[in-house]
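Beneath this line is the structure, given in C-alpha cells, with notes to follow.
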C-alpha cells in the first residue's frame, strides 16, 4: 500500500468513527431524556402510565400550519398518560451556517406544534405537550441565539411550551451524560427545574438499563455489524459448538437470518421500555440487519446460503468495530494502480544467416 493510499484510508476510517460516535451520542441523549422524564428513583421503575416511543408515527390535525392531516415521526416522545407529553428531536450535528436551519429548527418543530393523535397507548391527543430540541452542548449558544432572534422578530412562534435541552458526555471518575434545559420551558415543572439545574446520569447505568444501540435512523454500517458480531452471534453458539471448535482448532459457524436477528434486537429494546412504549418493535429495521450481514459476507466472514440465510464463521476480535470500519473504508477507496512494465525492445531476427 502506498503512503498516499494509507493516509486516505486513515482519514476515511476516522470519518467513519466520528459518524459512529455521533450516532451513539444521539441514542444516548434520547434515552437519557426519557429516563430523566419518567424514571422514579424511589421505586426504581418508570412512573405509572409512562409513555415512551422511539420514532413513533403521530398524525397531525387538519389545522396544522406545516403539514395538515399527515404523519410525522419525531425522534422520541415521552409523557404520562392523561397528563402531559413531550415531542423531541435530537440535533447532534447541524450545519454551521444558521441560514440552513430553517427546515431543521423551524419547519420541523412547528409541525409538532399541533394537537397530535397517535400517542402510545391512548392514540388520542394528550391534554398538553411541549416541543423539545436536544442539541450538543457545543451548539447550544448558537441555537439559543438563533431561536431568540427569530422569536423576538415575530417570524417564529409556538403555541405550546418549547425548550432547548443541551446534552454532553463527560468523563470524571466515570463517563456521564448531562442534560441542561438552557432555553424555554418544559411542560412538566418538576422536570423543567431538574434540567434547568443540570441533570447528570452515569452512562454505564443507561447502557445497562436500556440496551442503547439504535434509534429511528439507519446506523452506520460498521456499527450495525459490530452490534450483531458482539451482542447477537456469541449468544447463538452453543457450548457444544465452542467445545468442538477448540478441539478441532477451527472457528464455530452459526447460521442466521436477517429476520431472526432483527426480532432478537427489537425484543431487547422493547423489554427495556414501559408497556406503553412497546411500539418500538420495528427498531432496528430488518433492512439494516440485512445490509450488515451482506457486508460481513463481502468482508469474508461467511457466505449466503441458497435459502437466503447467512452462514457466519465467528471469531472473537479485540476490536470488531474498528476492523469492520477499516475493511469497509478500504473497499471504498480506488485501488492503487500497479506501474506498467516497460516493454523491452526485442532484437530483430536476421532474414538470412550471414554464414550461409
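In terms of other Cβ atoms within 10 Å, 242, 310 run from fewest to most in the order 242, 310.
Dividing the summed helix terms, -39500 (n - 2.57) for each DSSP H run of n ≥ 4, by the number of residues in the chain produces a 222 nm estimate of -11000 deg cm²/dmol to the nearest 500. The mean sequence distance of close C-alpha pairs (under 8 Å, at least 6 residues apart), as a share of the length of the chain, puts its relative contact order at 17 percent. Taking 329, 29, 163 as the candidate residues, the one with maximal mean-square fluctuation in a Gaussian network model of the chain, Cα springs under 10 Å, is 329. As a proxy for reagent exposure, 331, 128 were ordered by neighbouring Cβ count within 10 angstrom, fewest first; the result is 331, 128. Helix 320-332 and the longest principal axis of the Cα set of the chain meet at an angle near 60°. Within segment 282-304, what residues put their amide N at less than 17 Å from the label point 7 Å along the Cα-to-Cβ vector of residue 313? Within reach of a label on residue 313, which here means backbone N under 17 Å from a point 7 Å along Cα→Cβ, segment 282-304 contributes 294-304.
If r is the Cβ-Cβ distance from residue 251 to residue 202 and R0 is 56 Å, what FRET efficiency results, to the nearest 0.05? Write out the running numbers ahead of the final one.
On the way: r = 36 Å, r/R0 = 0.64.
Taking R0 as 56 Å, the efficiency between residue 251 and residue 202 is 0.95.
Among 34, 240, 71, which one shows the biggest mean-square fluctuation in a GNM of the chain, springs joining Cα atoms closer than 10 Å? Looking only at 34, 240, 71, the biggest GNM fluctuation is shown by 240. Listed by Cβ neighbour count within 10 Å, with the fewest neighbours leading, 164, 87, 254 appear as 254, 164, 87. Centre-to-centre, using Cα atoms only, segment 1-68 and segment 182-220 are separated by 10 Å.
Each reported figure results from applying straightforward, stated rules to the coordinates on display, with no laboratory input. Everything quoted here is computed from the prediction, not taken from an experiment. No Cβ is skipped: glycine too gets one built from the backbone with ideal geometry, and neighbour counts run over all protein chains shown.
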